[in-house]
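**Student:** The structure follows.
The values are calculated or read from the model by the stated rules, or taken from the named source; none is laboratory data. Values in this document were obtained by computation on a predicted structure and should not be read as measured data. Glycine also receives a Cβ, built like all others from the backbone with ideal geometry; neighbour counts cover every protein chain displayed.
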Amino acid sequence: MDEEDAPVTIDADEDGVVDAVTAQMSEHTSFIVLDQIISATAMLFTAQRIAAEAHRRGIRFLVDGAQAPAQLADPVGGLQPDWWVGNFHKFPCAPRGTALLVIPPEGGQDGQDLWPLIDSWGFADPFPERFDEQGTQDLCGPIAAPESLRDIERLWGWDVVRRYMSDLADYAERRVSEAASEVGGEDCSSPVRIPSPAMRLVKLPHGNRTPQELDALCPVFRDRILNELHAEVAVTQFDGELYLRLTAHAYVTADAIDRFAEQSIPTIVGWLRG
């Protein structure tokens, strides 16, 4: 099976994303995997319009909504995907390894094409029952996930939390990019035009390192920031540029953002210059 990527620039708007993806569709396209929120760039893709075009052409598609549950109020609404998957250990605050699989209500062939990765008791059962008898699976995550969702709804309400996350993400992007620009001596504002609600990018000066060097640098810097500065942020690279990816949640405060901007950013920029 041949594979093709749809080249989407980091500064693309909604129309640009749709045009880039649909331009790769042809009579030979049988299957599409679409990220709903891009991890490396914190971009929110317009999945509904792309899904509609895939439906029109009879192309089956899977939506990778890893970052979408709870960050979006209704991540599956309007998509009608053949398959949708999303992680619940991120914004819903469930245990790691907890995820949700959604297929159309009628199931049909989309369900019967799905099999557990490990052969176990019940393997010959129809979908979804064959996923319920995996002797090696840990059920703590699926049991805890509804409770974590209910707890946050009970404490604050998810609509309130989503507004708070979005407002704080805006503040974090502005505050941290200003600090990085001042220390780094260049514009570190994000080029992203369609950010996800609770995630933002800030560009970092990286001294003309190659994309390969940046790929190797990202996990090292992420761990160093965590271990030495006691801050948890993602470090990503896209198209030869280095970024911090900031994420807001109910437990993140503006004071924490201020401390990171004032105390951590000068150190991080210094590391990159060293």
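**Student:** Among (1) in contact (Cβ under 8 Å) with a residue 60 or more places away in the chain; (2) among the β-branched types (Val, Ile, Thr); (3) farther than 30 Å from ARG150 by Cα, where does ILE37 come up short?
**Tutor:** Answer for ILE37: the failing condition is (3).
Yes/no matrix, rows are residues, columns are (1) of a type outside the set (Val, Ile, Thr); (2) in a loop (DSSP other than H, G, I, E, B); (3) touching a strand residue (DSSP E or B) at 6+ places or on another chain (Cβ under 9 Å):
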{"site": "VAL85", "(1), (2), (3)": "no, no, yes"}
{"site": "LEU114", "(1), (2), (3)": "yes, yes, yes"}
{"site": "GLN137", "(1), (2), (3)": "yes, yes, no"}
{"site": "ILE143", "(1), (2), (3)": "no, no, no"}
{"site": "MET165", "(1), (2), (3)": "yes, no, yes"}
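**Student:** Also, quick follow-up: Only one of LEU246, LEU226 is among the aliphatic types (A, V, I, L, M), modelled with pLDDT of 95 or more, in a helix (DSSP H, G or I) and under 30 Å from ARG163 (Cα atoms); which?
**Tutor:** Values: LEU246 fails: in a helix (DSSP H, G or I).
After ruling out the rest, the residue left standing is LEU226.
**Student:** May I pose another question? Keeping to the range 229-243, report how many residues are among the small types (Gly, Ala, Ser) and either assigned to a loop (DSSP other than H, G, I, E, B) or more than 19 Å from VAL192 (Cβ to Cβ) (or both).
**Tutor:** Step one: of the range 229-243, the residues among the small types (Gly, Ala, Ser) are 231, 234, 240.
Applying the additional criterion that residues be either assigned to a loop (DSSP other than H, G, I, E, B) or more than 19 Å from VAL192 (Cβ to Cβ) (or both) yields 231, 240.
Number satisfying all stated conditions: 2.
**Student:** If you don't mind, another one. From ALA198, ALA256, ALA250, grab the single residue that is small (Gly, Ala, Ser), under 23 Å from GLN71 (Cβ atoms) and free of Cβ contacts under 8 Å to residues at least 60 places away in the same chain. Lay out the reasoning, then the answer.
**Tutor:** Numbers: ALA198 fails: free of Cβ contacts under 8 Å to residues at least 60 places away in the same chain; ALA250 fails: free of Cβ contacts under 8 Å to residues at least 60 places away in the same chain.
After ruling out the rest, the residue left standing is ALA256.
**Student:** Okay, next question. Within the range 87-104, can you find the residues that are within 18 Å of PRO142 (Cβ to Cβ), in a loop (DSSP other than H, G, I, E, B) and without any contact (Cβ under 8 Å) to a residue 40 or more places away in the chain?
**Tutor:** Across the range 87-104, the qualifying residues are LYS90, ILE103.
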